[in-house]
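Report on one structure; see the data block that follows.
The values are calculated or read from the model by the stated rules, or taken from the named source; none is laboratory data. Note that the coordinates shown come from a computational prediction; the quantities given were computed from them, not determined experimentally. Every residue, glycine among them, receives a Cβ derived from its backbone with ideal geometry; neighbour counts consider all protein chains shown. Just so you know, the surface numbers come from the protein's heavy atoms only, side chains and all, with ligands and any DNA or RNA stripped out. Shrake-Rupley method; radii C 1.70, N 1.55, O 1.52, S 1.80 Å.
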Amino acid sequence: VGAQLVSHASGLRVLPCAVAPGEAGLMNNVTQVEAIVKTLNTMCKLLVLDSGTSIVEATRRIAPMCETVTVITDPTRPSVLQTKALLADLTTLGLATGKIDVIVVNRAPSSIQMAWQQVEQLLGYKVALIITPAAELAQQAIEAGMPMVLLRPESFTAEQIKQLTTQLVQKIRL
């Protein structure tokens, strides 16, 4: 597994997903995915997994091993309803609500966004953090191949992401 990690200039090491659509089925090899996660967990202090938006069998096996789960949603009614269903699925896997954080990332035009209070009411979860839109900064970061927090560390979005990082670190006590 270590040989497959890609080092980024920021210091992060990443195990990238398969880019060929035909390789998406690799997630169905649950035993292998579980072994990879267990191995990666021994190689670092903090392991961040992006499991996507659905709960596949691999997610069912891995989620209970997580100290904390961060669920990201857009503040639009369809996204929030999908998030509500995802949160219900996560709790059926045995994750305590205290292990789950909800982050709102504003990507939609403000005219169709729900207020964070409405999001909390609909989900039944407190919103841990709100990330404001930064489409131009996101595009610049993509083109530069670096995280937004390194490209523009003084930006409001970078401050919000640093706040999220601080919250996560405090929660898991690194």
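Quick notes on this one:
- The residues in segment 18-45 that are out of contact with any Asp or Glu (no Cβ under 8 Å at 6 or more places or on another chain) and either closer than 19 Å to R60 by Cβ or hydroxyl-bearing (S, T, Y) (or both) can be counted, and the count is 17.
- For beta carbons closer than 7 Å, sequence separation of 6+ or different chains, a first residue in segment 64-88 that is within 15 Å of A128 (Cα to Cα) and a second that is open to solvent by less than 70 Å² (accessible area, probe 1.4 Å) and aromatic (F, W, Y), the qualifying pairs are L87/Y125.
- Filtering M148, M114 for residues that are closer than 22 Å to L47 by Cβ, aliphatic (A, V, I, L, M) and out of contact with any strand residue (DSSP E or B) (no Cβ under 6 Å at 6 or more places or on another chain) leaves a single hit, M148.
- Test result for V104, under 24 Å from Q170 (Cβ atoms) and within 13 Å of the chain's Cα centre (by Cα): yes
- Of all residues in segment 147-174 being part of a loop (DSSP other than H, G, I, E, B) and either touching a His at 6+ places or on another chain (Cβ under 8 Å) or not aliphatic (A, V, I, L, M) (or both), the one that is most open to solvent (accessible area, probe 1.4 Å): R173
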